[in-house]
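Inspection log for the structure reproduced underneath, given as structure tokens.
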Amino acid sequence: GLPPEAGEEERGVFRGEGLMAHPEAVEVLRARFLALRPRFVLTFPPDGINGHPDHVATSRYVREAAEGLRLVYFVRPDGPWPVTHRLRLPEWALARKLRALAQHKTQALSVLAFMERYPERLWTESFFVVGAEGLKEGPWW
């Protein structure tokens with residue numbers, strides 16, 4: 001759950017249950033993609049990067065909704081998906097990333113454990129651009 005200081009304002013129709021229980025998310029996502037017309041869509045790989053059911057559902061729903069769009073998966077460098085793009089974060093981006101991670105207080109211990117095991121992965125992000133081959137240092141866009 002969310003910390004008490006998060007308040008009780010509306011958080012969307014998918015609040016409370018796991019995302020797997022809401023396949024209607026595909027249509028919500030499809031409508032957003034049609035409205036925003038992104039050049040690419042970043043999501044988890046099909047395994048959810050860590051097997052978490054909400055991550056797996058997110059990946060599935062995004063892939064279904066993003067048909068015809070360029071897909072990019074956020075991947076582990078040692079995972080089953082090949083790294084096609086590696087991006088070293090500049091200092092300002094790392095600071096923003098750490099501030100964002102700090103907002104997930106319910107996951108603070110797992111984030112700390114991750115930082116202890118893989119400190120170099122804090123400033124280096126790994127991606128698989130669907131359809132790309134080889135490794136490129138820097139952004140895919």
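The table for this structure:
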item	result
Rounded percent of accessible protein surface that carbon and sulfur make up, the chain, 1.4 Å probe	59
Mean accessible surface per residue for the stretch 24-122, computed with a 1.4 Å probe while every protein chain stays in place, in Å²	66
The stretch 28-132: chymotrypsin sites (Phe, Trp or Tyr not before Pro) falling in loop per DSSP and having at most 16 other Cβ within 10 Å	F40, W123
At most 14 other Cβ within 10 Å, DSSP loop - GluC sites (Glu not before Pro), the stretch 50-116	E67
Overall dimensions of the chain by Cα: Rg and Dmax, Å	16.2, 46
Relative contact order for the chain, counting Cα pairs under 8 Å that sit 6 or more residues apart, in percent	25
Loop-resident sites, the stretch 54-120, for trypsin sites (Lys or Arg not before Pro), counting at most 16 other Cβ within 10 Å (DSSP)	R70
A132-L89 pseudo-label distance in nm [points 7 Å out on the Cα-to-Cβ vector]	1.8
Charge dipole magnitude, Cβ of K and R +1, D and E -1 - the chain, Cα centre, debye nearest 20	460
Magnitude of the charge dipole, the stretch 37-80, Cβ model with Lys/Arg +1 and Asp/Glu -1, debye to 20	240
Sequence-distant residues sharing a close amide H with T124 (under 5 Å, placed H)	L89
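The values are calculated or read from the model by the stated rules, or taken from the named source; none is laboratory data. On a predicted model such as this, the values are computed, not experimentally measured, just so you know. FYI the Cβ positions are ideal-geometry reconstructions off the backbone, even for glycines, and counts take in every protein chain you see. Keep in mind that these areas ignore ligands, DNA and RNA; they rest on the heavy atoms of the full protein, side chains included. Shrake-Rupley method; radii C 1.70, N 1.55, O 1.52, S 1.80 Å.
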